[in-house]
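Okay, structure first, notes after.
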Amino acid sequence: MATCSGLISVSVRGLTSGGRLVVVEAVVAEPAVVATVDEGTSVVVGASALDEHATATMASAAASAPALVSLTQSIVGMLSRHLRYRPHMQPFDSPTEAAFRAKARSWLASHAEPLPIDRVAPSAIIAEWTPEEEEEKLAEAQEWQRLKFDAGWAGISWPRTVGGRGGSVMEDLIFRDEEATFDVPHDALGVGIGWCGPAVLQHGSTDQHARLLPDLLRGDEIWCQLFSEPGAGSDLAGLKTRATRDGDEWVLNGQKTWTTFAQHSDWGLCVARHDADLPKHRGLSAFIVDMASPGIEVRPVKQMTGSQNFNEVFLSDVRVSDEDRIGDVGEGWGVVITTFLWERVNLLAGGERILGGLQEFIKARGREAAPEIRDRFIDLYIRAETIRFSTMRLLTAVSQGGLPGPEGSTLKLAATATLSDIYELALDVMGPEAMLAADVAPGGGEWHAGFLGMPGLRVGGGTDQIQRNIIGDRVLGLPPDIRVDKDLPFREVPG
């Protein structure tokens with residue numbers, strides 16, 4: 001007999017050496033005991049109250065007993081190894097991708113510790129860090145990034161010419177999938193490497209690639225995103241920061257807001273209006289701005305989580321060389337779209353790990369048998385699986401050379417709503433203790449930080465309302481919103 005832990009849905013189909021089809025389907029809950037059986041019989045899995053009907057059936061009377069035992073042991077090994085809900089891309093791996101996954105896992109295991117089961121630390125973007133903790137966490141993230149870079153595991157799909165591995169997008173996602181199960185900084189540098197870097201790769205020049213991207217990818221420099229403004233968030237094309245040409249330079253004036261880690265950043269990807277006589281989408285250009293330039297003032301914005309990683313950034317006569325313009329003059333909106341597409345893809349990461357942590361938290365609190373808790377958790381599980389398979393469909397298109405499309409809005413909308421409900425369920429599981437201060441609350445305050453920080457993720461990368469507009473317009477083909485200002489020169493737009 002073998003004992004395993006964790007709630008997981010398994011479906012395995014394979015051929016024995018004799019060419020017989022074997023099908024294994026299971027929903028297993030802790031504790032579960034899988035018994036070795038004789039040829040042609042079933043394997044019954046005993047489970048706790050979390051799922052008293054959990055069973056695993058091996059359907060193939062003609063399959064050999066050793067093959068059945070091997071398959072059973074594989075499932076048990078997978079469950080006991082992961083000890084939490086962890087939907088991998090493994091069933092979709094090609095032989096080449098499976099070999100890459102094994103290699104990545106081996107390197108990670110030799111350089112990092114597995115992530116504890118009960119760790120549910122939210123995204124660095126919404127984490128409840130003090131300014132001192134921010135500096136410490138970012139330094140740790142830079143150290144980890146340098147380690148990956150020096151070993152050839154940074155920028156898996158980035159070109160070798162900028163320090164990347166030159167691999168495929170799928171290999172990049174496989175590495176992230178494996179990395180998410182280790183106790184390492186995952187997304188503290190995500191704004192630069194995950195969002196801005198791909199935009200520069202697509203729109204920047206070869207010189208800009210060589211000059212800017214290696215230091216970003218190695219973690220030596222931190223980037224921020226200078227997009228949103230007090231009057232231009234959801235309608236970002238209505239931004240008013242000005243870019244005035246002065247010979248071989250541009251002079252920037254304006255205000256940005258919600259800029260993550262601006263106070264720690266070396267560079268900022270900035271979009272500004274170079275021509276107010278053009279319609280709002282066409283009068284924008286993009287620049288890389290040295291955040292140490294004269295005329296830049298950064299003011300932290302304190303959030304309800306207590307964190308101050310968001311900032312206002314004021315630009316007063318900030319001079320930027322034309323060599324730091326990304327793309328052609330007037331290509332700024334294209335840079336925005338590319339950045340947002342990658343932002344939405346990167347914001348999807350981590351939900352399955354947090355759901356696994358929620359499962360452990362529910363059991364630790366003794367609430368696994370409560371019908372309402374069970375129903376809500378199962379609903380979250382189903383939604384997470386739907387997001388996983390939809391993400392695979394999106395990434396398949398990316399792996400074939402495409403870019404993330406408007407369907408990314410569907411995933412972003414679903415993922416952030418699901419994460420919000422995960423954190424809400426965690427607080428409901430606490431009951432009255434959810435009102436305690438973070439330092440004495442169950443879970444050490446991580447659930448509280450996620451709950452309070454989720455509105456930021458639902459706004460970042462485009463609000464829920466904007467995502468629904470994109471889905472209706474570009475995915476469903478519904479009539480778009482009436483926008484009377486779309487073709488007007490920007491200076492004639494009211495307000």
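The values are calculated or read from the model by the stated rules, or taken from the named source; none is laboratory data. Because the structure is predicted, anything quoted here is derived from the model rather than measured. FYI the Cβ positions are ideal-geometry reconstructions off the backbone, even for glycines, and counts take in every protein chain you see.
Got a number for residues in the range 456-479 being modelled with pLDDT of 85 or more and either at positive phi or not basic (Lys, Arg) (or both)? Residues in the range 456-479 being modelled with pLDDT of 85 or more and either at positive phi or not basic (Lys, Arg) (or both): 15 in total.
When you look at Val271, is it out of contact with any His (no Cβ under 6 Å at 6 or more places or on another chain), within 30 Å of Gly450 (Cβ to Cβ) and surrounded by fewer than 23 Cβ atoms within 10 Å (Cβ to Cβ), yes or no?
So Val271 fails the test.
In the range 288-316, the residues that are over 30 Å from Asp439 (Cα atoms) form Cβ pairs under 6 Å with partners that are outside any strand (DSSP E or B) and of a type in the set (Gly, Ala, Ser), at six or more places apart or across chains, as follows: Met291/Ser265; Val313/Ala262; Ser316/Gly295. Taking the range 370-387 as the range and being surrounded by fewer than 16 Cβ atoms within 10 Å (Cβ to Cβ) and at pLDDT below 90 as the test, the residues that pass are Glu385, Thr386. Taken together, the residues in the range 391-424 that are of a type in the set (S, T, N, Q) and at pLDDT below 85 amount to 5.
Does Gly444 satisfy the condition of being out of contact with any helix residue (DSSP H, G or I) (no Cβ under 9 Å at 6 or more places or on another chain), more than 22 Å from Phe310 (Cα to Cα) and at pLDDT 90 or above? Answer is no for this residue.
Within the range 96-115, the set of residues being closer than 21 Å to Glu143 by Cα and either surrounded by fewer than 15 Cβ atoms within 10 Å (Cβ to Cβ) or modelled with pLDDT under 90 (or both) comprises Ser106, Ala109, Ser110, His111, Glu113, Pro114, Leu115. From the list Arg483, Arg491, the one residue that fits, being surrounded by 11 or more Cβ atoms within 10 Å (Cβ to Cβ), closer than 18 Å to Gly231 by Cα and either touching a Lys or Arg at 6+ places or on another chain (Cβ under 6 Å) or at pLDDT below 85 (or both), is Arg483. If you go through the range 429-472 and keep only what is free of Cβ contacts under 8 Å to residues at least 40 places away in the same chain and not hydrophobic (A, V, I, L, M, F, W, C), you end up with Gly431, Pro432, Glu433, Asp439, Gly444, Pro455, Asn469, Gly472.
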